[in-house]
Every structure is written in C-alpha cells, then in structure tokens.
Amino acid sequence: MSGKLPSDFLWGYATASYQIEGSPTADGRLPSIWDTFSHTPGKIKDGSNGDVACDSWHRWGEDVALLKFSGAKVYRFSFSWSRIIPEGGRDDLINADAIEHYRYFIEALVKNGIKPIATLYHWDLPQTLHDRYGGWLNKEEIVQDYVNYARTCFRYFGDLVKDWITHNEPWCVSVLGYGTGVFAPGHKSDTEHWIVAHNLLVAHAYAVKAYREEFKPSQGGQIGITLDCSWQMPYDNSPENVAAAQRGIAFKLGRFADPIYKGYYPAIVKEMIGDRLPDFTEEEIAVVKDSSDFFGLNTYTTQLVQDGGDNEIQGNVKYTFTRPDGTQLGKQAHVPWLQSYPPGFRSLLNYLWETYKKPIYVTENGFAAKGENVLPVDQVVKDTDRVEYFQGYTDALLRAVTEDGVPVKGYFAWSLLDNFEWADGYDTRFGVTYVDFKTQRRTTKESYQFLRNWFPEHVET
Ligand code: BGC
C-alpha cells in the first residue's frame, strides 16, 4: 500500500435541488411536497422555506466556479422532479425549459473537468402526485411515475451523466416523512413508513432495471442508491447492548440494504414488525436484489447504543453520545444528532465492505459547526471544528482504504454551500462556503481550503 488513495479516486461536493435552487415557480416548475411543507406554519425551525435558498437556479455559474477552484473532481447534485415533469406523472408534460437549463449546467461542469453525479430523488416529490393518489403510499401509481421520471432523465441527460443515484436516504424519506412527521409530507403513523420504504425500494429497483436494459448498453454508466447510517457502537460489552447495536443497524440500514444486496429483509425486522412490513412479490424481489452497482453511503456520526426503550422505529434501542464514564464521544455539532468520531467512520466502512461486498461511495459526510447561525462572516469562515472534523474523517477514510483494503471509490463532502437545512431552515449551516442569505454573497471557509489541499496531497497522481 502506498499510503495514498488511488489516482482514480473521486472527491467533491454534494448538494440537493430543494436545498439550493430557490426559484420555485421559474421556467414552469410546480410545487413539491417540500414547498407545501415549508410553507406550513410551525414546520420549519426559523419559519423559513426554500423559495430563495442559495439561488442556485440563477447562480449555478458561481457554484461551478467554486467547485472548479476547489479542485473537486465530482459534483453530486439532484434534479427537481417538479421542474422536469411539473405535475410528475407518466402522462404529464415534460418541461423542455428545465431540461435545457439542467443541460447547460451539466455541460458547464463537464467543460470544467467536473464529473456530474445525479441524484434522481432528494425528497422533493411533485405535490400533484401526492394530491392525486397519495404519492409514495400508492405503489401501483408511484412506481410507474417514478420510473417514467427516471427514464426521462436518462434519456435527456444520459449522454453527459454516467453516474446515477436513484434515491437519497430512503430511511429519511419514509421514517421522517411518514413515521415521525418532522419532514414532508408530515405524516405521523406506525404503518405508513413501512409501506413507503417498501415502495421506495420497488421504485428504485424498476428504475435501475430500466436503466440497465434500455440505456446502459448505449450510455455505459452505473447506477445505485444512497443509504444513510451512523456507525452504531454498543454502549458497553454487555450482550444486550451488543445485540442492540446489531438491531439498531438492521432497523436503520439493513431494512434497505439487505433486500438490495442480499435479496431479503433482515429476520429481526420481519419478526418485530410482522404484517406491517409489506412482502415483496417474487417478481419484485428478483428486481430488487442486486439493484445497486455500488454502495452509496451518507454518514455523519457514531452513536452509542443501549438496549431498551420502546421506540419501534429504531428497533427498541436507545442512543446516546455519553460514554459509561460520563465523557462525550466527540465534538458536539450545532445539531443535537451529530458528534465527531472518526474511528466510527472507519469501522462503518469496514462493516459495509464485509457485509455487502460492494465498492463504496461516501456520497455525503460533513459537520455543522456551532454558532455559524449567529456569528459574523469573518468568524464563521474560521471554521476550526469543521476543519478538525474533516481532518479526522479524511484520515479515517485513508486508513480504511490503504490499511484495511476497503474499496472506497469516492468521497463527497456535505456541502458545497450553506443551504436550506430542511426542518432546521437556515439555522444550521453545513457548507464549506458561507452564504449570506440576504445578499447571496458566497465566502469560502477554512474547511474549503483544507479539503482543497488534502486531496491532492493524498491521492496518487
Ligand atoms: C441529507 C442532506 C442534509 C444532510 C445534513 C442528509 O441527511 O441527505 O440533505 O442536508 O443530511 O442534515
């Protein structure tokens, strides 16, 4: 081992349409469920919405310049479904203006030597489909409409885009959108999120099938899904807590990853959820199994896991950052769910490789430093905590690849820009670039510079 990442290692940044684009009615776009949700009083912490966000629908040239100057090799962005097919459905009109706009943007990336990686679904379901038949709850309709939307993207962009991600984080879409209700469309239910998760898997799989059969032979790309998971570490060595950590991973990740990479749901999930976990038909599971060319991983933190609690969504386990001796696992971020713990990242990469045997792309990883919502820009840009986070996580990545032999092929920091952080609004900032949301002025932070230096030093030439 050379101690460096291989020369074809891809690194860059990730963003998502609703979080950066703004312009909710421009060029024929119609609302998505996130427009409706963010405009509902009480849903977003600071009462904001994505109407302007980073104004990237207009300022995409600035985004490309930031990427170019950063030295990034790849950019992961998502398409807004309700721009491309404003009403969303298979019999609805395709919006040529949106296609033209996205093509200009993707061409600019390619001209600047930045490889585009496109996510088809980063949470912004066309509102029309939700109103028409219940959106993700209605398998017969949504699978056909999603596959039609996916095909539209492959057809219009597949000459330029060779790397596709079907869904971003089906756990968040289903559990936060239809279980706890803190994300759009805001449903609270202990049955719906299992149905939605199942439908997301089936829709993903049929989109992959369409790509592989109809587009890949001429376009020659790859396609997969992005799942989210923290490393889950037993609180201590007690057998209950060791078992709890395994159960926690099954409920967070295995319920998606096992059907895709192994062809069945984890036994413990089936056992606990019973009839509420929809079964795959034989045809469906044959399509779901092996439906991802790689393992797309979004990961931010590590959690200590204890047995107990009656939170079925997470497999009746409890999470904490406080060790048995009372110390904290790592540095606390602005958001309560995130502490920095690089060794957990390395363990997770090893676990995924051992369990699923697929090359890994870390499609998101990042840190929201404290105080960036209130401090003046000259202090925010000295983002020492984020720099330390990236120092630790890139080192863990390097060790996982060079010392442990885990085939990680790419790394995308979240995020290029401060942006609309879902239910937190603009209160939480994950960017390596500070955005003044009043003026839209972008100022790079020290973490931008850190990554700009780190990758060239640690990737073989
Ligand atoms: C999502 C991003 C989000 C980030 C930080 C991920 O769950 O894919 O859209 O901004 O985490 O919370």
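Laboratory data are not the source of any read-out in this text; all were calculated from the coordinates shown. Here the structure is a predicted model, which is why all the values come from computation and not from measurement. Glycine also receives a Cβ, built like all others from the backbone with ideal geometry; neighbour counts cover every protein chain displayed.
What's the ranking of 190-198, 326-334 by average number of surrounding C-beta atoms within 10 Å, highest first?
Answer by packing, highest mean first, reads 190-198, 326-334.
Order these peptides, 298-310, 100-112, by their mean beta-carbon neighbour count within 10 angstrom, highest first. Each step should come with its number before you reach the end.
Values: 298-310: 19.6, 100-112: 16.2.
Ranked from most to least packed, the peptides come out as 298-310, 100-112.
Which three extents, in whole angstrom, do the alpha-carbon atoms of the range 260-334 cover along their principal axes, largest first?
50, 30, 19
What is the sum of charges around residue 309, taking Lys and Arg as +1, Asp and Glu as -1, for the other residues whose C-beta is under 13 Å from the C-beta of residue 309? Intermediate values should be presented prior to the final figure.
Details: positive: 247, 318; negative: 240, 307, 310, 312.
Around residue 309, the surrounding residues sum to -2.
Rounded to the nearest 0.05, what FRET efficiency do residue 262 and residue 312 give with R0 = 22 Å and r taken as the Cβ-Cβ distance? Could you check?
Calculated transfer efficiency: 0.45.
How would you rank 39-46, 283-290, highest first, on the average number of other Cβ atoms within 10 Å across their residues?
Taking the mean over residues of other Cβ atoms within 10 Å, the ranking is 283-290, 39-46.
Please compute the modelled spin-label separation between residue 159 and residue 460, points set 7 Å along Cα→Cβ, answer in nm with one decimal.
3.5 nm
Would you calculate the separation in nanometres between label points at residue 240 and residue 395, each defined as 7 Å from the Cα along the Cα-to-beta-carbon direction?
3.6 nm
Less than 18 Å from a label point 7 Å out along the Cα-to-Cβ axis of residue 328: which backbone N atoms in the range 380-395 qualify, by residue?
383-393
Tally Lys and Arg at +1 and Asp and Glu at -1 over the other residues with C-beta under 10 Å from the C-beta of residue 298: what net charge comes out? Please list the in-between numbers first.
Working: positive: none; negative: 169, 228, 364.
Net charge in that neighbourhood comes out at -3.
Relative contact order, percent, of the range 10-458 when contacts are C-alpha pairs under 8 Å separated by at least 6 residues?
It comes to 16 percent, rounded to a whole number.
I need the semi-axes of the equivalent ellipsoid of the range 348-452: take the C-alpha gyration tensor, multiply each eigenvalue by 5, square-root it, list largest first in whole angstrom.
Over the Cα atoms of the range 348-452, the ellipsoid semi-axes are 30, 14, 10 Å.
Could you tell me the distance between the Cα centroids of the range 384-461 and the range 139-158, to the nearest Å?
Measuring centre to centre over Cα atoms gives 31 Å.
When the Karplus curve 6.51 cos²θ - 1.76 cosθ + 1.60 is applied with θ = phi - 60°, which whole-Hz ³J(HN,Hα) does each residue of the range 448-453 get, with x for Gly and Pro?
Once θ is set to phi - 60°, the couplings for the range 448-453 become 4, 5, 4, 5, 4, 8 Hz.
What is the local net charge at residue 434, summed over the other residues whose Cβ is closer than 10 Å to its Cβ (Lys, Arg +1; Asp, Glu -1)?
Counting the neighbours of residue 434, the net charge comes to -1.
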